[in-house]
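Accompanying notes for the structure given below.
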Amino acid sequence: MQPIDLLLTHGVIVTQNAERALIPNGAVAIAGDTIIDIGPAAELAARYAPAETLDVAGSAVFPGLVNVHTHLFQTGVKGLGEDMAVQEWAVAVTAPTAARITAEEAYLFAVNGCLEHIRCGATTLVEMSYAVPNFDVHHATIRAILDSGLRGRYSSIISDFDDYGLPPQLLKPIDAFLDETRRLQAQYPLDDRMGIWLAIGAPWVATDDAIRRTRAFATETGTFLTMHLNENEIDNELIQRRHGLDAIAYLEEIGFLGPDFLAIHCVVMTPAEIELLARRGVKVAYNPVSNMYLGSGIAPMVQMAQAGVTVGLGVDGAGSNNSLDMIETLKIGALLQKVGARNAAVIDAQMVLDWATLGGAEILGMRDKIGSLEVGKKADMFVLALNSPKIVPAHDPVATLIYSAGEENVMHTIAGGKILLKDRVIQHIDEADILQRSQQAALALADRSGANRKVSRHWRMER
Ligand SMILES: [Zn+2]
């Protein structure tokens, strides 16, 4: 009998392999951070002597979900932006917060957000930070992701131009941003757990020079790029005014589009633009809850996927969502496409799960390491209990996950072979302490920044 670290056994294994095979009464054997065997429970029981066993009878085991777009600091402004138009929200809530947030606050909000990922079975995230009044705030957010046990990619928004009303403290010369990126990359070299990406807020928050130099830096260093793009009509309006082209046509003209670029949102799209993104290998993040929350519209994700664009699923920031619930995002992501097409058959549960696992893995350039449960891949997975009134009866575990499940049905979450959530208890962080401190920090920061001035005094929480 071969000694191993962990065995999950007696569950339905949803492998997400090339055949999308399900293994009923299956098991997954884990040594270190890697899946070393997967198959029928009886066979693995005869082969391995695990240090720890999780009996997951009556449950389904899925690959860890990949959230390809978020802003963790916005966990601290959750609940301050409802029912405001984007520009009003940015000026009243995000800007004053971004100017005043401390490293300690950024850490607490980020851990708070990472804990929610773990409780939703998400094991990987792509962070796009922009509230960084000093360099320590970068470290605080990165440390929070690492402490949480998740895999992450960290980026921080480059912005050197404004004709929209951005807070001036978010703007810096491009040299300063690229210098910060170099420092961060030296300190956090790319590995399976962490890596530093480049981010531009949107095509209209940076000068032509800054956008071209960011692209050149990415190409020279092999760094991935991300940017909000065509979330609504403003991208085309502002880029037409400056360059006489629509936003995507402008990015094409300067040679920005490529397979290392993750475009966020892409709600306002023509068929020709979809075809162009596919041809250039651009990846796209679908953030259905945020698109609905901000009234942005319905991104043509099915059309993009059919054109050959790699699609991943994102929650966006808690400021334009009010939670970071990946399980909720699965269902809403499917339903919104059906509404947009006025056709229930336009998307199925398998397609959404593919976006949330394999699509995300492809976007991170980690298709050989995450996104499915296969021998040799990282041991990132979660266990969904099929025993609550919300779920029973389950006929198909994939459809059950997408359309019936809630965060409360996620029993265990494992990332890199480490159990982060066990029987719905966070294993490695004092969750109650973090949440209590995050709550207090959010109230204090809102008072200090005035970001809560729209919240009626009558309803305000006491510090
Ligand atoms: Zn965003």
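Remarks
- Averaging Cα coordinates gives a centre for region 245-266 and one for region 428-463; these two points are 38 Å apart.
- Inter-probe distance in nm under a simple model that places probes 7 Å from Cα toward Cβ, at I332 and R183: 3.6
- Projecting the Cα positions of S323, A344, L54 onto the charge dipole of the chain (unit charges on Cβ atoms of Lys, Arg, Asp and Glu, taken about the Cα centre) puts S323 furthest along the positive direction.
- The charge dipole of region 65-363, taken about its Cα centre with unit charges on the Cβ atoms of Lys, Arg (+1), Asp and Glu (-1) only, comes to about 460 debye.
- Charge tally for I327 (other residues, Cβ to Cβ under 12 Å; Lys, Arg +1; Asp, Glu -1): -2.
- The mean accessible area for residues of the chain, using a 1.4 Å probe and ignoring ligands and nucleic acids, is 37 Å² per residue.
- Residue-wise HN-Hα coupling along region 306-316, computed from phi with Karplus coefficients 6.51, -1.76, 1.60 (Hz; x: Gly, Pro): 5, 6, x, 6, 6, 10, x, 10, x, 9, 6
- q = 0.13 Å⁻¹: log10 I(q)/I(0) that the Debye formula gives for region 243-367, counting C-alpha atoms only: -0.50
- Counted over the chain with a bin width of 20 Å, the fraction of Cα pairs per bin, in whole percents, is 26, 58, 17, 0.
- Largest first, the extents of the alpha carbon coordinates of region 1-88 on the three principal axes equal 63, 28, 24 Å.
- Cross-link partners for K390 among the lysines, with Cα-Cα distance under 30 Å and sequence neighbours closer than 8 places in the same chain left out: K78, K331, K338, K418, K422.
- Of all DSSP-defined beta bridges confined to the chain, some 45% are antiparallel rather than parallel.
- On the beta carbon distance between V339 and E52, with R0 = 30 Å, the FRET formula returns roughly 0.10.
- Carbon and sulfur %, accessible surface of the chain computed with the full protein complex present, 1.4 Å: 52
The values are calculated or read from the model by the stated rules, or taken from the named source; none is laboratory data. Source: prediction; values computed, not measured. Every residue, glycine as well, gets a Cβ built from its backbone with ideal geometry; the counts of neighbours run over all protein chains shown. Note: accessible area is taken over every heavy atom of the protein model, side chains too, but ligands, DNA and RNA are not part of it. Shrake-Rupley method; radii C 1.70, N 1.55, O 1.52, S 1.80 Å.
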